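The values are calculated or read from the model by the stated rules, or taken from the named source; none is laboratory data. Please read these numbers as outputs of a predicted model, since none were measured by experiment. We place every Cβ from the backbone using ideal geometry, glycine too, and count neighbours over all the protein chains shown. The accessibility values were calculated without ligands, DNA or RNA, using every heavy atom of the protein model including side chains. Shrake-Rupley method; radii C 1.70, N 1.55, O 1.52, S 1.80 Å.
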Amino acid sequence: MKTNLGKVILLLLFFTTLLQASEYKWSLEVNKKEAYVNEAIHLHFSCQYSDSAELYVIEFNPSDDNENYKIEILREDEKIVNGKKINEYDFVLFVKKAGHFSLVLDTLMKKTNKDSIENGMLGRDNANYEEFSLYPYKQPSIEVNILETQSDMVGEFSLSVKYDEGEIEAYAPYHLEFIVSGVGDFQVFKDVDYKIAGVEVFSEEAKEEIVLTAEGYRGTWKKKFAFVSDKNFTIPSMQTQYFDLKEKKLKTLRFNGLDIKINPPKFKKEELLDSEEKSFELDTKYFYYVLTFIAGFLVSKIKFTKKEDEDREEKLFCNRIKEANSLEKISFILVTKDVKKYEDIISKIEKKELNSLKEVKNLICS
């Protein structure tokens, strides 16, 4: 790749200025100083720079789930305001034990070296230099007083129950569905299961339709049942206690149970099962429950963290490209990202074979 030496020198002078000038300051906001066990605590971290800080990259992903606490990322953002870069991170923290809680999170600031820029711009292939200078940074301490509750389930919830009305015929399925709605940590909700003498009980794996918010997980927890019998039976009552954050007291989600009346079948059981084909049809009616269970188990074992991290990094890169207001700035971003991968585009920009800002952006992030 042929390089314009004068242009390179000017760029290096500019980059050297950036290396010397960029400064940053971190801040932390915790939305409460006191919380209950398993109550959502919103953490907002902000890193503000003195300039556009093109040479800085941040590694900050403290997501964890251990015996003392769980922390999950809610939002990550990078923007330029009045020529100054701002990185923002929002996390939701759940503390699992009562008492004084203290936590310091580690961050890694990565700053592109001058040598890395020089080698990239001049086309050198030198593996003996560091691409980044690393600056470990300890965030301000998170200090929260955690209060005890009489239930691990904390939040604001409601229970609704859907079930078949009236009497049913023998061997016909009786359907029941539990729906828990609200905001809180659904993952500590105890599962519901039934074993009733003389009754075949089929159930789906419980389904969670939830999203993480600053107040905790918001959405619904659902579970469906089908009961099959040839005589009257009772579905037992069910109750679960939780600590209501709004009223600051224990409350109960309660299902009072149902007495199911079974009418005699129009046909004898032997007639219903007099052929292998009919028997198979009766069994396959509930076969999807087994498939749902297996699918749910397999999906729960797959980890997508690495893919999500890669997608997030790629999104931030494309946002920087889209916000660039000149081809020179795009060249710089490409050099610091991966000079070999984008060598062809950088060369065409320098030779003015590419002179449309929109066309270059589309080539990089189509």
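Within 13 Å, Cβ to Cβ, of Glu39, how many net charges do the neighbouring residues add up to if Lys/Arg are +1 and Asp/Glu are -1?
Values: positive: Lys32, Lys33, Lys70, Lys96, Lys97, Lys246, Lys248; negative: Glu34, Glu148, Asp152, Glu156, Asp185, Glu215, Asp244.
Here the count lands on 0.
Roll a 1.4 angstrom probe over the protein heavy atoms and tell me the percent of accessible area of segment 185-233 that is carbon or sulfur.
Here carbon and sulfur together make up 44 percent of the probe-accessible area.
How high is the FRET efficiency from His175 to Thr252, r the C-beta distance, R0 25 Å, rounded to 0.05?
With a Förster radius of 25 Å, E is 0.55.
What spacing in nm lies between the two simple spin-label points modelled at Gln150 and Lys341, each 7 Å away from Cα in the Cβ direction?
Going by the 7 Å Cα→Cβ label model, 5.7 nm.
Would you calculate the separation in nanometres between label points at His100 and Asp51, each defined as 7 Å from the Cα along the Cα-to-beta-carbon direction?
Result: 4.3 nm between the two label points.
Need the full-extension length gain, Ser158 to Ser237, defined as separation in residues times 0.36 nm minus the C-alpha distance. One decimal, nm.
Details: separation 79, 0.36 × 79 = 28.44 nm, distance 1.63 nm.
Gain on stretching Ser158 to Ser237: 26.8 nm.
How much length, in nm to one decimal, is gained on full extension between Phe317 and Asp230, taken as 0.36 nm per residue of separation minus their Cα-Cα distance? Intermediate values should be presented prior to the final figure.
Values: separation 87, 0.36 × 87 = 31.32 nm, distance 6.37 nm.
Full extension from Phe317 to Asp230 adds 24.9 nm.
Going down the table (Lys111/Lys315; Lys224/Lys249; Lys195/Lys224; Lys96/Lys207; Lys25/Lys315), which pairs top 18 Å between alpha carbons? Can you show the working numbers first?
Values: Lys111/Lys315 20 Å; Lys224/Lys249 29 Å; Lys195/Lys224 14 Å; Lys96/Lys207 24 Å; Lys25/Lys315 24 Å.
With Cα atoms farther than 18 Å apart: Lys111/Lys315; Lys224/Lys249; Lys96/Lys207; Lys25/Lys315.
Give the accessible area for Asp193 in Å² (nearest 10); use a 1.4 Å probe, count only protein heavy atoms, and leave out ligands, DNA and RNA.
My reading of the accessible area for Asp193 is about 110 Å².
Would you please state which residues of segment 230-252 a label at Asp259 would reach in this model, taking the label point 7 Å out along Cα→Cβ and a backbone N cut-off of under 19 Å?
Residues 230-238 fall inside that zone.
Evaluate the distance, in nm, between pseudo-label points positioned 7 Å from the Cα of Glu200 and of Asn31 along their respective Cα→Cβ axes.
The two pseudo-label positions are separated by 4.8 nm.
For segment 180-263, what is the relative contact order in percent, using Cα pairs closer than 8 Å and at least 6 residues apart in sequence?
Numbers: 128 pairs, mean separation 21.9, N = 84.
Normalised by residue count, the contact order of segment 180-263 is 26 percent.
Give the relative contact order (percent, whole number) for segment 139-239; include only Cα pairs under 8 Å separated by 6+ residues. Each step should come with its number before you reach the end.
Numbers: 155 pairs, mean separation 29.6, N = 101.
So the answer I get is 29 percent.
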